[in-house]
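Working notes, structure below.
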Amino acid sequence: QGNGNIEYDVPACKPGTPPAECTHTVSSEQPVDYFYSDETWGDGQTTEVDLAFAAPHVHVSALSLELQDAVTNTTICKVSRGDGVAYGGGRAAGDEENYLVGLQPCSFDGASAPRFRRDHRLRTIAVYNATTAQTGVMSLWLMSAAQVYNAATCKAALARSGCLAAGGADA
């Protein structure tokens, strides 16, 4: 949990493990605002945000990365080898054989954006090929979210800031 998915090692499978079964899966949960603790969001943890963008970050030997709502277990975004996780197959620049050459992000518009409170928990599930040991892999989502406008929250934030000294909340 916490920073555990920022960098970790994938141990190799035991000798004799069939290649199709030789995977390493990790799962971690974090709140939507894991890296933000300032008070600029208004009323703290209850502020809602719309998820606009989720970009996967994995390393070579990754097979899939999934972002789930940890409360409902609903998949928000998932990429896998051949469907959002691209490995090269040639010798040309940008298509180097067996190198990770592309990751497809998920983006949401105003109508489809998942809405969460800042303290809502999200789950990341990463699956790596473990036929050989891998050191220093990652399983992250780089996300952008937009705060949902709430008139009462805005008024309360302005009142706390002292900006309303010259007038009332409606000003």
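For Asp83 and Arg117, the difference between the fully extended length at 0.36 nm per residue and the C-alpha to C-alpha distance is 9.3 nm. Would you kindly find the accessible area of Glu29, with a 1.4 Å probe and non-protein molecules such as ligands, DNA and RNA excluded, rounding to the nearest 10 Å²? Answer for Glu29: close to 50 Å² accessible.
Taking 0.36 nm per residue of sequence separation and removing the Cα-Cα distance, the Phe53/Asn98 pair yields an extension gain of 13.5 nm.
Looking at region 81-121, which trypsin sites (Lys or Arg not before Pro) are in a loop (DSSP not H, G, I, E or B) and have at most 14 other Cβ atoms within 10 Å? Answer by residue number: Arg91. With a cut-off of 15 Å between beta carbons, the residues surrounding Val101 carry a summed charge of -2, where Lys and Arg count +1 and Asp and Glu -1.
The values are calculated or read from the model by the stated rules, or taken from the named source; none is laboratory data. Given the structure is predicted, the values throughout are model-derived calculations rather than measurements. We place every Cβ from the backbone using ideal geometry, glycine too, and count neighbours over all the protein chains shown. Accessible surface is based on the protein model in full, side chains and every heavy atom, while ligands, DNA and RNA are left aside. Shrake-Rupley method; radii C 1.70, N 1.55, O 1.52, S 1.80 Å.
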